[in-house]
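Asks: Mind looking over this structure? Questions follow.
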Amino acid sequence: MRRFFSAGRPPGRRWRNERRLIAALFLGPAALTVLVLVAYPMAHTLWLSLHDTSTGAFVGLANYGRMFSTEETRRAILNNIVWVVVAPTLVTVLGLMLAVLTQRVRWSTALKTILFMPMAISFLAVGVTFRLVYDEDPERGALNAALVAVHDAFSPPSRYYGVAPRDGTGLVPADGGYETADPVPASEPVAMPVVGLPRDRIPSEAAPASRPEAGVELRGVVWLDFTRGGGGEAGEIDATEVGLPGMRVEAVRDGQVVATTTTDASGRFVFPGLTEGDYIVRLAATNFTEPFRGVTWLGPRLVTPAVIGTYIWIWAGFAMILIQAGLAGLPRDVLEAARADGASDWQILRRVTVPLVWPILVVVLVTLSINVLKIFDLLYVLPPDSVQDEANVVALEMYRVSFGGGLDYGLGSALAVLLFLLVLPPMLFTIRRRRRERL
Amino acid sequence: MTSQRNAPSASPVSLLEPMPVPELEPAGTAVRIPPRPSLLKRLVAILGSGAARVFVIAIGLFWLFPTLGLAVASLRSAADNSASGWWTALTAPSQLTLDNYAALLSNERITGSLWNTVLIAVPSTALVLALGALGAYALAWLDFRGRDLIFVLAVALTIVPVQVALIPDAAVFRALGIFGDIPAVILFHVAFGLPFAVFLLRNYFLGLPEDMIEAARADGASEFTVFRRVALPFAWPALGSLALFQFLWVWNDLLVALVFGFNNPPITYAIREQTRAFASNIDVIAPGALISMAVPLILFFTFQRYFLRSMLDGALK
């Protein structure tokens, strides 16, 4: 115990009063601010949460009941649970991975700087940044552009999506493709006029359409029955109309595909060997598959995972640096001994490293779970207004019902109290740790 | 006073620098020449470090990519941004223009909000430091009844989420006639910054050698002089760390500004307004967000050493 007057001044009443006055002068401004703006409001919020704030009547726990029965608030609470379970875990695991993998890499300091940088940026700026990343249109959104590029590399897109047969020409939809309404005899060439292909998607090798040459095998032509500037006749091959090359055509008999072929540059096709009988001729569905356009990241279904992804981007560096500091403090001889005993890298990680840095992992997890519970800005900026109901969390809902047009202070106060109660356990853990370490 | 030199190891440890680990052999250890590793082992090591290097570069690029995108987008016209992705500008640099920034700087709503951010962040930080240091000093070195209880309460208050106070404080500020104005935003930030500041600084002040305080008092220095000439210089690393954290916290804040600062919106608020029509306002949003990031990033690169420490302490706020 440090004695204020241990420097030899005599204790006395006057001196004691002066001491109190000095302490009050030092502590007073801070204490007054906190009392008026933090301590008293806590009590007032608790009081408000038990009242109907429009009439002032005491309503007991009715606001809390509404909190768990209203669709939006229930959604917010459930989302918060998902957040708390998923986000800190992913960040910690990623941080551990990065910390271990970059331990002996020379540029890891530069990497740490880069990974840690998002922590300096406001959630608002991060939200704006990731709006661009998550933009649904693959022409604009970087993530979808990358996904589409990868997807198309493995399964190239169909050339003729959006194309449909000319009305009244005897072609009907079938399994995503189009086929002749009735079986046609092999002896008669099949005319398959289609429309709906924008000019910029007409294949460069497409040649003017022409009637198939005479022959005995099942044959026909697929062409774009559209004359630019008008004037063409529906169902007829006019002078400027082009054939559609590379179209997959199937011959169907008794519901079975018996042969397939592909059109040439003029849109003509022939089924070698099919000389007799009647067939249904079908333009296969694979010609018309809509192209992959990426994923609607900020739509109702994926908005929470998408925002959690952004959260990981912000906090991974924090976790990595803390864990790496812990790794640097590990006793070397233990690791050396394990290695000398022939343990594999994976065994060392699982049996030696993780148990030794476990206390740090717990600190990271707890810190992040407190942070996640209070998250507001990111969810207020990143998801477009139309999906905020789906992205909702408690802190956001508290703002929305109290200030964002709702003015429902009773429900807002109940949500604030809930938030406080949720933060309490991890916070008590942290306070205990802080007192132990006297940080 | 020369207390700065006595600052103990409590000064922020830079966790960004790798820690040197001395390798000492006990005396009398025979000098061993390490056996030459087999060719296979060396090959694995080279490939392994190569893979790790590729991994590091890939991760680094992955993390830089979003911010790079924002930066490039801020240099393209709204028409370009709605027609194609920012990466097309990498092969067509003629798209890049400073027009957005020029327009932004003549946009009074935005420049005014940037100034509002400064007007909020600087006093908030200064007040938290001043009031926090005074209070922390009292809790560390003045002896009065209830001191320990007050400290425990301060620690407990660090856990309170701001949501708990939003509604009642709106009423308080309304009564004071400052609801919606900058003083309300400042006061709220100060009130919620203080418990943590007191907690941090009090513990730091306790590391001050008692002899120095007593010597100064015996010389007849007033308590305020002891505070100013002995305690404050001693605590500058903690004060710097706290200032950095508090400043960034306020600079980046959106929630408090939304509730209490609607008459004088800071930059975060002003940009959030624009995001309602994101695609058509991208020529304001992207450069605005980038300008609002500039100050935190400059601070980050200048004070990297303090930064981690302050984030670690403050992450719990």
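A short reminder: the numbers here are calculations on the coordinates, not readings from a lab. All figures in this text were calculated on a predicted structure; none of them were measured in a lab. Note: ideal-geometry Cβ built from the backbone for every residue, glycine included; neighbour counts use all protein chains shown.
Asks: Within segment A:113-195, report the chymotrypsin sites (Phe, Trp or Tyr not before Pro) that DSSP leaves as loop and that have at most 14 other Cβ atoms within 10 Å. Kindly include the intermediate steps, with their values, before the conclusion.
Replies: Numbers: sites: A:116, A:123, A:130, A:134, A:154, A:160, A:161, A:178; in loops: A:160, A:161.
In loop regions of segment A:113-195 (DSSP not H, G, I, E or B), the sparsely surrounded chymotrypsin sites (Phe, Trp or Tyr not before Pro) are A:161.
Asks: Same structure again: What residues have an amide H closer than 5 Å to that of residue A:184, excluding those fewer than 5 places away on the same chain, when H is modeled at 1.01 Å from N in the peptide plane?
Replies: Counting only residues 5 or more places away or on other chains, the set is A:279, A:280, A:281.
Asks: While we're here: Cβ neighbours within 10 Å, averaged per peptide: list B:128-135, B:212-219 in order, most packed at the top. If you can, show how the numbers build up before the last one.
Replies: Working: B:128-135: 23.9, B:212-219: 16.9.
Taking the mean over residues of other Cβ atoms within 10 Å, the ranking is B:128-135, B:212-219.
Asks: When the Karplus curve 6.51 cos²θ - 1.76 cosθ + 1.60 is applied with θ = phi - 60°, which whole-Hz ³J(HN,Hα) does each residue of segment A:97-111 get, with x for Gly and Pro?
Replies: Taking θ as phi minus 60°, the curve returns 4, 4, 4, 5, 5, 9, 3, 10, 8, 5, 8, 5, 5, 4, 4 Hz for segment A:97-111.
Asks: How high is the FRET efficiency from residue B:279 to residue A:354, r the C-beta distance, R0 35 Å, rounded to 0.05? Let's see the in-between values first.
Replies: On the way: r = 46 Å, r/R0 = 1.30.
Working from the Cβ atoms, E equals 0.15.
Asks: For segment B:88-94, in order, what is each residue's ³J(HN,Hα) by Karplus, 6.51 cos²θ - 1.76 cosθ + 1.60 with θ = phi - 60°, in whole Hz (x at glycine and Pro)?
Replies: Result, ordered by residue: 5, 5, 5, 9, 10, x, 5 Hz.
Asks: In cubic angstrom, how much convex hull volume per residue do the alpha carbon atoms of segment B:170-247 span?
Replies: It is 110 Å³ per residue.
Asks: Quick one: order A:112, A:374 by neighbouring beta-carbon count within 10 Å, fewest to most. Please list the in-between numbers first.
Replies: Values: A:112 24, A:374 19.
So the ranking, lowest neighbour count to highest, is A:374, A:112.
Asks: Across the protein assembly as shown, what fraction of all alpha-carbon pairs, as a whole percent, falls in each successive 10 Å bin from zero upward?
Replies: In whole percents, the pair-distance histogram is 2, 11, 17, 18, 16, 13, 10, 6, 3, 2, 1, 0, 0.
Asks: For segment A:67-139, take the convex hull of the Cα atoms, compute a quarter of its surface area, and give me that in nm², please. Each step should come with its number before you reach the end.
Replies: On the way: hull surface 31.1 nm².
Computed as one quarter of the Cα hull surface, the answer is 7.8 nm².
Asks: Between segment B:56-83 and segment B:186-231, what's the alpha-carbon centroid distance in Å?
Replies: 46 Å
Asks: Now a separate question. Along the three principal axes, how long is segment A:277-387 when you take its alpha carbons, biggest first, rounded to the nearest angstrom?
Replies: Cα extents, longest axis first: 82, 48, 15 Å.
Asks: Could you work out how far apart the two model spin labels at residue B:68 and residue A:216 are, taking each label as a point 7 Å from the Cα in the direction of the beta carbon, and quote it in nm?
Replies: Going from the residue B:68 label point to the residue A:216 one covers 6.5 nm.
Asks: May I pose another question? Roughly how many Å is it from the Cα centre of segment B:235-292 to that of segment A:71-134, as a whole number?
Replies: Centre-to-centre distance over Cα atoms comes out at 20 Å.
Asks: What's the exposure ranking of A:311, A:64, B:269, going from fewest to most Cβ atoms within 10 Å?
Replies: Details: A:311 26, A:64 19, B:269 22.
Ranked by crowding around the Cβ, least crowded first: A:64, B:269, A:311.
Asks: Hey, got the average number of other protein chain Cβ atoms within 10 angstrom for residues in A:97-106? Kindly include the intermediate steps, with their values, before the conclusion.
Replies: On the way: counts 2, 3, 0, 0, 5, 6, 2, 5, 6, 5.
Mean partner shielding for this stretch: 3.
Asks: Hey, can you grab everything whose amide H is under 5 Å from the amide H of residue A:177? Only 5+ residues off in sequence or another chain; H modelled, so Pro and N-termini drop out.
Replies: Residues meeting the amide H criterion: A:285.
Asks: Given a Förster distance of 56 Å, report the FRET efficiency between residue A:69 and residue A:234 from their Cβ-Cβ distance, rounded to the nearest 0.05. Write down the numbers at each step before the final one.
Replies: Values: r = 60 Å, r/R0 = 1.08.
Calculated value: 0.40.
Asks: For segment B:102-314, count all C-alpha to C-alpha pairs, find those more than 25 Å apart, and express that count as a whole percent of the total. Please list the in-between numbers first.
Replies: Working: 10664 of 22578 pairs.
Looking at segment B:102-314, the distances longer than 25 Å represent 47 percent of pairs.
Asks: For segment A:185-316, what is Rg from Cα atoms divided by 2.2 N^0.38 Å, rounded to two decimals? Don't jump to the answer; show the numbers that get you there.
Replies: Values: Rg = 21.3 Å, N = 132, 2.2 N^0.38 = 14.1 Å.
Computed over Cα atoms of segment A:185-316, the ratio equals 1.52.
Asks: Right, another one. I need two numbers for segment A:21-72: Rg to one decimal and Dmax as a whole number, Cα atoms only, in Å.
Replies: Final numbers for Rg and Dmax: 17.2, 54 Å.
Asks: Using each residue's phi in segment B:204-212, evaluate 6.51 cos²θ - 1.76 cosθ + 1.60 at θ = phi - 60° and report the 3J(HN,Hα) Karplus result to the nearest Hz, with x for Gly and Pro.
Replies: Coupling constants for segment B:204-212: 6, 4, 5, x, 5, x, 4, 4, 5 Hz.
Asks: Next question. Would you mind computing Rg(Cα) / (2.2 N^0.38 Å) for segment A:325-381, counting N as its residues? Working shown, then result.
Replies: Numbers: Rg = 16.8 Å, N = 57, 2.2 N^0.38 = 10.2 Å.
This ratio for segment A:325-381 stands at 1.64.
Asks: I would also like to ask the following. Binning at 10 angstrom from zero up to the longest distance, how are the C-alpha pair distances of segment B:251-304 distributed in percent?
Replies: The percentages, shortest bin first, are 24, 44, 28, 4.
Asks: Of A:349, B:255, how do they rank once you tally other Cβ atoms within 10 Å and put the fewest first?
Replies: Details: A:349 14, B:255 23.
Ascending number of Cβ neighbours within 10 Å: A:349, B:255.
Asks: Per 0.36 nm of contour for each residue apart, how much would the distance between residue A:105 and residue A:328 grow if the chain were fully extended, relative to their Cα-Cα spacing?
Replies: Details: separation 223, 0.36 × 223 = 80.28 nm, distance 1.37 nm.
The residue A:105-residue A:328 span can extend by a further 78.9 nm.
Asks: Continuing with this model, one more query. Dipole magnitude of the protein assembly as shown about its Cα centre, charges +1 at Lys/Arg Cβ and -1 at Asp/Glu Cβ only, in debye to the nearest 20?
Replies: Numbers: 61 positive and 59 negative charges, 1047 e Å.
Charge dipole, the protein assembly as shown, about its Cα centre: 5040 debye, nearest 20.
Asks: What 222 nm value per residue comes from the helices of chain A, counting each DSSP H run with n ≥ 4 as -39,500 (n - 2.57) and dividing by all residues, nearest 500 deg cm²/dmol? Walk me through the numbers before you get to the answer.
Replies: On the way: 14 runs with 207 residues, N = 439.
Estimated from H runs of four or more residues: -15500 deg cm²/dmol.
Asks: Suppose we keep just the DSSP beta bridges with both residues in segment A:95-250; what percent of those would be antiparallel, to 5? Display every interim value, and only then the final one.
Replies: Numbers: 8 of 13 bridges.
About 60 percent, rounded to the nearest 5.
Asks: With only alpha-carbon atoms in the gyration tensor, what are the semi-axes of the equivalent ellipsoid for chain A, in Å, largest first?
Replies: Details: eigenvalues 979, 198, 69 Å².
After scaling each eigenvalue by five and taking roots: 70, 31, 19 Å.
Asks: Right, another one. Please compute, for peptide B:139-149, the average count of beta-carbon atoms on other protein chains lying within 10 Å of each residue's beta-carbon.
Replies: Working: counts 4, 1, 3, 10, 8, 10, 3, 1, 2, 1, 0.
For peptide B:139-149, the averaged partner shielding equals 4.
Asks: Could you pull out the GluC sites (Glu not before Pro) across segment A:142-213 that fall in loop regions by DSSP (anything but H, G, I, E, B) with no more than 12 other Cβ atoms inside 10 Å? List each step's numbers first, then the result.
Replies: Numbers: sites: A:179, A:205, A:213; in loops: A:205, A:213.
Listed in order of number, the matching sites are A:205, A:213.
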